[in-house]
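Chemist: Pasting in a structure now, in structure tokens, and then I'll have a few things to ask.
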Amino acid sequence: MGKFTGIWPALVTPLTPEGRVDVEAVEQLLESLLAAGVAGFYVCGGTGEGVLLSPDVRREMAEVVIGAVTGRVPVMVHVGALSTEVAVDLAQHAGLAGADAISAVPPFYYTYPFRAILDYYRAILAVADVPLYLYHIPAMTGVSLSVEQLLELCALEGVAGLKYSAHDLFFLSRLLAMRDPDKVNVLSGPDELFLPCLALGCEGAIGTSYNFMPRLYIDIMQSFLRGELTTARRLQFAANGIITKLFPYGVIPATKALLAMLGYRVGHGVPPMPPIEGEEARRLRKDLEEAGLFGLLRRNALYGPPGDPMRGKLA
């Protein structure tokens, strides 16, 4: 398989009130995102609340997404976990379920020497029959690897690249300069830095807000590739205006709330992730409307659920 490129939503995990995967809701969201032109899906990562879900629900979500996508675009399943045993089990399952790739954060909570992190990834690779993508997100895991350590991990047999979800662009520039571009595929993670990450050499991106405004990022990438940097910057600034309004509410709960406003049944977050509903949801929408951003969001979001009058009307 060649390099992964383009826009990949880090999928939310729609759940029923009982905490199981809402299969119909997942399928509806996937079809709308596919119609919008996304290049792949990232399952059970941070946005998908993977580390809060039970292994059983993580396996179920992987199976539902892979089954619904039916090979139309690649699916990458995040299998990272606190314990090597769980990560290995999830990696083995993802391969058997038909994932195109797997991904994993390093082991976290406890402080581990680098040799333990190497052993963790080696154990995952020992059972994986699909490429592995590292997931570098030090602000969330507390695991701050050096450029040299990341490249050492990338040199392991079976590692195809990494998702870079940090805000240090100098670090990223060093990583991209030192990697072998034929062997290490780098996908950006911070939605608000998508354009600068592209400019430095990332081949694509995996992000949270791609769940509800994928077209905006597809247009950023296409504008960049055409050399239309003024347009690309304008679109990135527009996306950042929306993202900024989400921060006070918590990005993941706000993402689910926005999808609900757009007509998607995605349920609440996994406890202790708080829901946004009632007056708080109305305040979020008002914040976006008063800034002139909610209309922009609808026009550049999904093609919309069937029957939505905004379906396909993009700006």
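Chemist: Across region 190-231, which residue is surrounded by the most Cβ atoms within 10 Å (Cβ to Cβ) among those that are assigned to a helix (DSSP H, G or I) and among the β-branched types (V, I, T)?
Modeler: Looking at residues that are assigned to a helix (DSSP H, G or I) and among the β-branched types (V, I, T), I get I220.
Chemist: Checking the structure you have, find out if any residue of region 160-169 is within 20 Å of R59 (Cβ to Cβ) and of a type outside the set (S, T, N, Q).
Modeler: No: zero hits.
Chemist: Quickly run through region 84-102 and pick out the residues that are assigned to a helix (DSSP H, G or I) and among the charged types (D, E, K, R).
Modeler: E85, D89
Chemist: Now, a different point. Starting from region 100-126, take each residue that is in contact (Cβ under 8 Å) with a residue 40 or more places away in the chain and list its partners that are aliphatic (A, V, I, L, M) and in a loop (DSSP other than H, G, I, E, B), counting only C-beta distances under 6 angstrom and pairs at least six apart or across chains.
Modeler: A101/V130
Chemist: Hey, can you tell me all the residues within region 33-59 that are modelled with pLDDT under 95 and under 26 Å from L82 (Cβ atoms)?
Modeler: none
Chemist: Still on this model: What do you reckon, is I243 closer than 19 Å to A10 by Cβ, touching a Lys or Arg at 6+ places or on another chain (Cβ under 9 Å) and of a type in the set (A, V, I, L, M, F, W, C)?
Modeler: no
Chemist: Quick check on region 103-162: of everything there that is assigned to a strand (DSSP E or B) and touching a Ser or Thr at 6+ places or on another chain (Cβ under 8 Å), which residue is nearest to H93 (Cα to Cα)?
Modeler: Taking the candidates together, the pick is L132.
Chemist: Let me ask something else. In contact with a Cys (Cβ under 9 Å, 6 or more places away or on another chain) and within 30 Å of R233 (Cα to Cα): which single residue out of A177, A205, A139, A166 fits that description?
Modeler: Matching residue, one of A177, A205, A139, A166: A205.
Chemist: Something else about it: Just to check your reading of the model, which residue among V186, V266, V270 is within 16 Å of V147 (Cβ to Cβ) and buried (at least 16 other Cβ atoms within 10 Å of the Cβ)?
Modeler: That would be V186, the only listed residue that is within 16 Å of V147 (Cβ to Cβ) and buried (at least 16 other Cβ atoms within 10 Å of the Cβ).
Chemist: Let me ask you something else. For E27, indicate whether it is surrounded by fewer than 24 Cβ atoms within 10 Å (Cβ to Cβ), over 13 Å from the mean Cα position of the chain (by Cα), touching a residue at least 24 places away in the same chain (Cβ under 8 Å) and more than 22 Å from A104 (Cα to Cα).
Modeler: It is true that E27 is surrounded by fewer than 24 Cβ atoms within 10 Å (Cβ to Cβ), over 13 Å from the mean Cα position of the chain (by Cα), touching a residue at least 24 places away in the same chain (Cβ under 8 Å) and more than 22 Å from A104 (Cα to Cα).
Chemist: Which ones in region 30-56 are assigned to a helix (DSSP H, G or I), free of Cβ contacts under 8 Å to residues at least 60 places away in the same chain and either out of contact with any Asp or Glu (no Cβ under 8 Å at 6 or more places or on another chain) or of a type in the set (S, T, Y) (or both)?
Modeler: Passing the criteria: L30, E31, L34, G50, V51, D56.
Chemist: Kindly list, by first and then second residue, each pair from a residue in region 242-268 that is closer than 14 Å to Y210 by Cβ to a residue that is aromatic (F, W, Y), limited to pairs with Cβ atoms under 7 Å and residues at least 6 apart or on different chains.
Modeler: Cβ pairs passing all conditions: T255/F212; L258/F212; L259/F212; L262/F212.
Chemist: Report yes if V86 is hydrophobic (A, V, I, L, M, F, W, C) and touching a Leu at 6+ places or on another chain (Cβ under 8 Å), otherwise no.
Modeler: Considered against the rule, which asks whether it is hydrophobic (A, V, I, L, M, F, W, C) and touching a Leu at 6+ places or on another chain (Cβ under 8 Å), V86 comes out as no.
Chemist: Moving on. Give me a count of the residues in region 1-16 that are at pLDDT 95 or above and either of a type outside the set (A, V, I, L, M, F, W, C) or surrounded by fewer than 21 Cβ atoms within 10 Å (Cβ to Cβ) (or both).
Modeler: 6
Chemist: Checking G267 against (1) at pLDDT 90 or above; (2) out of contact with any strand residue (DSSP E or B) (no Cβ under 8 Å at 6 or more places or on another chain); (3) in a loop (DSSP other than H, G, I, E, B), which single condition isn't satisfied?
Modeler: Of (1) at pLDDT 90 or above; (2) out of contact with any strand residue (DSSP E or B) (no Cβ under 8 Å at 6 or more places or on another chain); (3) in a loop (DSSP other than H, G, I, E, B), only one is false for G267: (2).
Chemist: List, please: which pairs have Cβ atoms under 8 Å, are six or more places apart or on different chains, and start with a residue in region 73-93 that is closer than 19 Å to G142 by Cβ and without any contact (Cβ under 8 Å) to a residue 60 or more places away in the chain and end with one that is among the aromatic types (F, W, Y) and in a helix (DSSP H, G or I)?
Modeler: Once the first residue is closer than 19 Å to G142 by Cβ and without any contact (Cβ under 8 Å) to a residue 60 or more places away in the chain and sits in region 73-93, its partners that are among the aromatic types (F, W, Y) and in a helix (DSSP H, G or I) give T84/Y120; A87/Y120.
Chemist: It is to be established whether one or more residues within region 146-164 are surrounded by 15 or more Cβ atoms within 10 Å (Cβ to Cβ), in contact with a Gly (Cβ under 6 Å, 6 or more places away or on another chain) and modelled with pLDDT of 95 or more.
Modeler: Within region 146-164, one or more residues are surrounded by 15 or more Cβ atoms within 10 Å (Cβ to Cβ), in contact with a Gly (Cβ under 6 Å, 6 or more places away or on another chain) and modelled with pLDDT of 95 or more.
Chemist: For region 11-23, name all the residues that are touching a residue at least 40 places away in the same chain (Cβ under 8 Å) and among the charged types (D, E, K, R).
Modeler: Passing the criteria: R20, D22.
Chemist: Being closer than 15 Å to V12 by Cβ and modelled with pLDDT under 95 is the requirement here; does L314 meet it?
Modeler: No, not satisfied.
The values are calculated or read from the model by the stated rules, or taken from the named source; none is laboratory data. None of these values were measured; they are calculated from a predicted model. All Cβ positions, glycine included, derive from the backbone under ideal geometry; neighbour counts span all protein chains shown.
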